[in-house]
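**Student:** Please see the structure below; I have some questions.
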Amino acid sequence: MNGNEMKTVRLFGMILSLFLTVSPASARDVEGIAAVVNDQVISLYDVDQRVDLFFASSGIKKSAEMTERMRQQVLRSLIDEKLQLQEAARVEIEIKEAEIEARMELLAKQDNRTLGGIKEFLKDKAIEEDTLKAQIRAELAWNQFVRRNFGGRISVGDMEIQEQYEKAVKAVNQTRYLVSEILLNLDNFSTEVQVRQISDEIVEQLQSGISFPAVARQFSIAPTA
C-alpha cells in the first residue's frame, strides 16, 4: 500500500462549516467536515449517522457520554474504510449493489427480520439506508482485496488436513462450545482509559440482554465476532 496515501489523512482541529445549495430532499443547511482522506471528505453528518446506526442496531442505551466516546471510534472506523475503499478501487475492485443487498439480507436473517423490515427499521430511526450500505461496501471490498492479494500465499498441506480431520472425528461425541468475542483495538481510541470505559459499558449492556452479535458487528475488529 502506498505509504503516502495511507498517511494523507488530515483531521481538522476545528469544525469547518460548508453552506450548500441542494435539493430540499437531501439538504442540510450546515455540514461540518470531520476529516479528509486523500481528498475524500468525511462529514460530521456521516459520523452522526454511523453513531446512530450503532445505537439502533446494538440496542445499547444512548447517553451523551457514550455518544461522544462513540463519535471518536466511529471517525477512526470511517477513515479506515475510506482507505480500504481507495485501495480496492486502485486494483479495480467494485462492489455491486446486488452484493450489498445480499449481505443486508443475511444481516436481516440474523436479526430475525426481512430485508424490507431492516430498511423500515432504519427509516424509523431516521438513519439513511446508504449509511449501512457504505459500511457493508467497505467490508466487502476489503475482503476481496485481501483475498486477491494474499489468498494465493496461503498453503495447506495434506498433513494439516489430516490432522484437522482427526480432531473433528474425535470431537463428535464431545461437548462443544460456540465462542464469540468482541475485540477492541487500542488504536481506535484516544486512551487506554477510554478502551476500559467502553468495554465496561459493553459488558453492562450485554448483561442487561442486549444482542451480542449486533454489538460485536459494530465494535469488534476480530473476524470471529
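The values are calculated or read from the model by the stated rules, or taken from the named source; none is laboratory data. Everything numeric in this text was worked out from a predicted model, so none of it was measured. Glycine gets a Cβ as well: all are built from the backbone with ideal geometry, and neighbour counts include every protein chain shown.
**Student:** Pick out, from the range 45-159, the helices (runs of 4 or more DSSP H) lying fully within it that include 2 or more residues that are touching a residue at least 24 places away in the same chain (Cβ under 8 Å) and over 30 Å from E204 (Cα atoms).
**Tutor:** 64-90, 97-110, 129-150
**Student:** Scan (1) at pLDDT 90 or above; (2) surrounded by 19 or more Cβ atoms within 10 Å (Cβ to Cβ) for the single condition D48 breaks and write down its number.
**Tutor:** Unmet for D48, out of (1) at pLDDT 90 or above; (2) surrounded by 19 or more Cβ atoms within 10 Å (Cβ to Cβ): (2).
**Student:** Next up: Sort out which residues of the range 57-76 are of a type in the set (G, A, S) and buried (at least 18 other Cβ atoms within 10 Å of the Cβ), and write them in order of number.
**Tutor:** Of everything in the range 57-76, those that are of a type in the set (G, A, S) and buried (at least 18 other Cβ atoms within 10 Å of the Cβ) turn out to be S57, S58.
**Student:** Taking the conditions exactly as written (within 18 Å of S211 (Cβ to Cβ), of a type in the set (D, E, K, R) and modelled with pLDDT of 90 or more), does D111 satisfy them or not?
**Tutor:** Spelling it out, it is not the case that D111 is within 18 Å of S211 (Cβ to Cβ), of a type in the set (D, E, K, R) and modelled with pLDDT of 90 or more.
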